[in-house]
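Before any comments, here is the structure.
The values are calculated or read from the model by the stated rules, or taken from the named source; none is laboratory data. Here the structure is a predicted model, which is why all the values come from computation and not from measurement. Virtual Cβ from ideal backbone geometry, glycine too; neighbours counted across all protein chains shown. Just so you know, the surface numbers come from the protein's heavy atoms only, side chains and all, with ligands and any DNA or RNA stripped out. Shrake-Rupley method; radii C 1.70, N 1.55, O 1.52, S 1.80 Å.
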Amino acid sequence: MTDILSHTEAGVLTLTFNRVARKNSITGAMYGALSAALEQAVADDAIRTVLIQGDPTIFSAGNDIADFMTAASAPADAPMPESPAMHFLRVIAGFPKPLIAAVCGPAVGIGTTLLFHCDLVYAGDNAAFSMPFVNLGLVPEAASSLLAPQMFGYHRAAEALLLGEPFMAEAALEIGLVNRVVPPTEANGIAQQQARKLAAKPLSALMETKRLMKLSQQAPVLERIDVEGVSFGKAMRSPAAREAFQAFMEKRKPDFSKF
Ligand code: COA
């Protein structure tokens, strides 16, 4: 069974994380499938909006940690190949058609940061957002080091990015990361309704409006994704990150006392 389900109906391409046994954590192959689907959606006139959703119990546990461990095992001075995750971030940040997300349960790491690049976000009241990069010896990605302080205010962004503390749906609503909080079993349906409303509008006007709203931000966001990517690549191969990944696999608390 594929880990990303794809379905087009009424002008809406719906992409569903389908790896619930692994909490919808995202592998390189899944980033590849998401990027390919979004790139195809740009070119396909029949696709007018895209909806990204998970399960009523889990949106995504973020990057697959086994994948992180593989990348972290490369020597520190080896060149980092362009990762499928980096490519996905560039694609989603530049995606020109309306993009909607329905989020229920945990949305960890990129499960939260990808939402900065969605136009509308509907959250189940069980949604728990977190960006625990520092807790893994890592640094922010997806331009979250730029966009979180802008959206949340610096101090709340610091709580989310330095302490890595989760915040629930109501807090996400208050800071403007989500549009509406709804019962978890209804989130995907409500997001689908909104996507279809958008799909019925003139696409050229929607795309131009999105382009104009993002005009002053587009270049800095893409630049920040690249700058963060360099730091992330280094951090991923640091002893602290290796300890964090190993600890996750061994289901124990990491010991950062030496790093
Ligand atoms: N990568 C790989 N496997 C993951 C994973 C991830 N990011 N997140 C969860 N899994 C696996 C677990 O190892 C577990 O595997 P097992 O059944 O073989 O033991 C399975 O998915 C279920 O996860 P579990 O932790 O038991 O579920 P939970 O409901 O108690 O907690 C989360 C859910 C999402 C809160 C928790 O799994 C979590 O914190 N995951 C890691 C998130 C993370 O740090 N991501 C990287 C961000 S940069």
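Key figures
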| read-out | value |
| --- | --- |
| Acute angle (nearest 10 degrees) that the helix 84-93 long axis makes with the longest principal axis of the chain, alpha-carbon atoms | 40 |
| Per-pair calculated FRET efficiency, R0 = 35 Å: Thr2 and Glu208 via Cβ, rounded to 0.05 | 0.55 |
| Solvent exposure, largest accessible area first (probe 1.4 Å, DNA, RNA and ligands not counted), of His87, His7 | His7, His87 |
| Percent RCO, i.e. relative contact order, over the stretch 4-184, from Cα pairs under 8 Å lying at least 6 residues apart | 19 |
| Estimated FRET transfer efficiency when R0 is 51 angstrom, pair Glu170-Val227 (beta carbons, to 0.05) | 0.95 |
| Potential extension, Arg252-Asp45 segment - 0.36 nm per residue separation minus Cα distance | 69.6 nm |
| Simple label model, 7 Å out from Cα along Cβ direction - Glu186 to Thr70, nm | 4.1 |
| Cross-link reach list, lysines versus Lys97, counting only Cα pairs under 23 Å and skipping chain neighbours closer than eight places | Lys197, Lys201, Lys210, Lys214 |
| Crossing angle, helix 28-43 versus the chain [Cα axis fit, 0-90 degrees, rounded to tens] | 30 |
| Accessible area (Å², 1.4 Å probe, nearest 10) - Asp44 | 50 |
| With Cα atoms, 0 to 90° folded angle of helix 184-199 axis to the chain main axis | 50 |
| Carbon/sulfur fraction of accessible area - the stretch 61-217, other protein chains in place, 1.4 Å, % | 62 |
| Rounded accessible area per residue of the stretch 4-184, 1.4 Å, Å² | 38 |
| From phi via Karplus (6.51, -1.76, 1.60), per-residue ³J(HN,Hα) for the stretch 221-227 in Hz, x at Gly/Pro | 5, 5, 5, 5, 4, 5, 5 |
| Loop-located chymotrypsin sites (Phe, Trp or Tyr not before Pro) in the stretch 1-90, at most 15 other Cβ atoms within 10 Å (DSSP) | none |
| Theoretical FRET efficiency, 1/(1+(r/R0)^6), r = Cβ-Cβ of Gln193 and Ala219, R0 45 Å, to 0.05 | 0.85 |
| Anisotropy class of the chain from Cα gyration tensor, a/c 1.5 cut | prolate |
| ³J(HN,Hα) computed for each position of the stretch 116-128 - Karplus, 6.51 cos²θ - 1.76 cosθ + 1.60, integer Hz, glycine/proline x | 4, 9, 9, 8, 9, 10, 10, 10, x, 6, 9, 5, 10 |
| Dipole of the stretch 4-184 [Lys/Arg +1, Asp/Glu -1 at C-beta], most positive-end residue of Phe88, Phe17, Leu147 | Phe17 |
| Between the stretch 70-93 and the stretch 153-190, the Cα center-to-center distance that results, in Å | 27 |
| Within the chain, helix-based [θ] at 222 nm, where runs of 4 or more DSSP H residues each add -39,500 (n - 2.57), nearest 500 | -15000 deg cm²/dmol |
| Cα-centred dipole magnitude for the chain, charges only on beta-carbon of K, R (+1) and D, E (-1), debye, nearest 20 | 120 |
| From phi via Karplus (6.51, -1.76, 1.60), per-residue ³J(HN,Hα) for the stretch 175-181 in Hz, x at Gly/Pro | 7, x, 7, 10, 8, 7, 10 |
| Rough spin-label spacing in nm, given labels placed 7 Å along Cα→Cβ, for Ala200 and Leu162 | 4.8 |
| GluC sites (Glu not before Pro) within the stretch 169-259, DSSP loop, no more than 13 other Cβ atoms inside 10 Å | Glu250 |
